[in-house]
Number of protein chains: 2
Amino acid sequence: MQEYKFKPIGYVRTKADTLPRHWSVSDVEGEIVIEPEYKLGLRDIKAGDKIVVIFCFHKSPAFSPEKLIQKPPHLNETRGVFSTCSPHRPNPIGLSVLEVLAVEDNIIKVRRLDMYDGTPVLDIKPYIEYRPYGG
Amino acid sequence: MQEYKFKPIGYVRTKADTLPRHWSVSDVEGEIVIEPEYKLGLRDIKAGDKIVVIFCFHKSPAFSPEKLIQKPPHLNETRGVFSTCSPHRPNPIGLSVLEVLAVEDNIIKVRRLDMYDGTPVLDIKPYIEYRPYGG
């Protein structure tokens, strides 16, 4: 089966050494430092925006089949891995929706961080809310 | 710089040969066929769920710097690539929020498809809406 390879476009920088489990309950602040070659692509990101950050759970061990079912820390029952946000997943890809505080040069200052310092960032996209048809 | 490698967990299957530009305006139906080894991880996905599907824009040519600024088809002005959903991005990673119609064995039937037949799927996550603090 074919593999797909990605290089980080940047890295997370934060002083926090403990982190909430999920961006939806986080008020941690930090920065996303983008490689200078991609800086121009940040031109239209501004304070107040919500951005989708796709990153690599770079500290996760290799996936093994017993992780197909997991008990999330905030639940008393188990869930199939694709119904969880666990960092232990077949491809260790994470997604957080962060709030932009400022953009300075090649650095995005953000709130709601739930990633460790040094986390490799693979992509940034605008956040688009799901709406019913005609909504 | 380190590279990160991912293997598809499955593939998109659809009969549509033209596709809307974005899941938010799509009513195309199709299937995500998951590799049998990951089938157990689908256990808690059910009809009516919204799922975040992370996939590879496998037909995109290699990224080049003139794509750091692009004109989205639905806009009359340009945008920095990280404020667009363009398939031409430093890492060709896509994200769609799809509606689950049914799950049968290792196949998820979905609506709102905006990916080509054969698109490699890298991850599936629950859709979690952004809410203000205390919201």
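Descriptive notes on the structure:
- Looking at B:64, B:26, just one residue is over 14 Å from residue B:107 (Cβ atoms), among the hydroxyl-bearing types (Ser, Thr, Tyr) and more than 13 Å from the chain's Cα centre (by Cα), and that residue is B:64.
- Reported count of residues in region A:101-126, each being within 14 Å of the chain's Cα centre (by Cα), within 11 Å of another protein chain (Cβ to nearest Cβ) and buried (at least 16 other Cβ atoms within 10 Å of the Cβ), is 8.
- Flag for residue B:61 being in contact with a His (Cβ under 8 Å, 6 or more places away or on another chain), more than 10 Å from every other protein chain (Cβ to nearest Cβ), free of Cβ contacts under 8 Å to residues at least 40 places away in the same chain and outside any strand (DSSP E or B): yes
- Boolean, residue A:5 is without any contact (Cβ under 8 Å) to a residue 40 or more places away in the chain and among the basic types (Lys, Arg): yes
- In a residue-by-residue description of region A:65-82, the property of being under 25 Å from residue B:2 (Cβ atoms), of a type in the set (A, V, I, L, M, F, W, C), buried (at least 19 other Cβ atoms within 10 Å of the Cβ) and in contact (Cβ under 8 Å) with a residue 12 or more places away in the chain applies to at least one position.
- Pairs, first more than 7 Å from chain B (Cβ to nearest Cβ) in region A:29-57, second part of a helix (DSSP H, G or I), C-beta under 7 Å, six or more apart: A:34/A:42
- Taken as a whole, the structure places residue A:6 among residues that are surrounded by 16 or more Cβ atoms within 10 Å (Cβ to Cβ), facing another protein chain (nearest Cβ under 7 Å) and more than 20 Å from residue B:51 (Cβ to Cβ).
- If you go through region B:1-58 and keep only what is in a loop (DSSP other than H, G, I, E, B), charged (D, E, K, R) and over 15 Å from residue B:127 (Cβ atoms), you end up with B:3, B:7, B:15, B:17, B:21, B:27, B:35, B:43.
- Checked against the criterion of being modelled with pLDDT of 95 or more, over 17 Å from residue A:60 (Cα atoms) and either of a type outside the set (D, E, K, R) or touching a Cys at 6+ places or on another chain (Cβ under 7 Å) (or both), region A:111-122 contains not a single residue that satisfies it.
- Residue match in region B:59-77 (condition: in contact with a Pro (Cβ under 6 Å, 6 or more places away or on another chain) and hydroxyl-bearing (Ser, Thr, Tyr)): yes
- Criterion violated by residue B:30 - all others in (1) over 18 Å from residue A:3 (Cα atoms); (2) buried (at least 16 other Cβ atoms within 10 Å of the Cβ); (3) touching an Asp or Glu at 6+ places or on another chain (Cβ under 6 Å) satisfied: (3)
- Residue count for region B:13-25, restricted to those that are out of contact with any His (no Cβ under 9 Å at 6 or more places or on another chain) and more than 10 Å from chain A (Cβ to nearest Cβ): 8
- Checked across region B:88-103, the condition of being part of a strand (DSSP E or B) and of a type in the set (Asp, Glu) holds for at least one residue.
- Check on residue B:73, more than 24 Å from residue B:127 (Cβ to Cβ) and either within 18 Å of the chain's Cα centre (by Cα) or among the acidic types (Asp, Glu) (or both): no
The values are calculated or read from the model by the stated rules, or taken from the named source; none is laboratory data. Just so you know, these numbers come straight off a predicted model, no measurement behind them. Cβ atoms come from the backbone with ideal geometry, glycine included; neighbour counts cover every protein chain shown.
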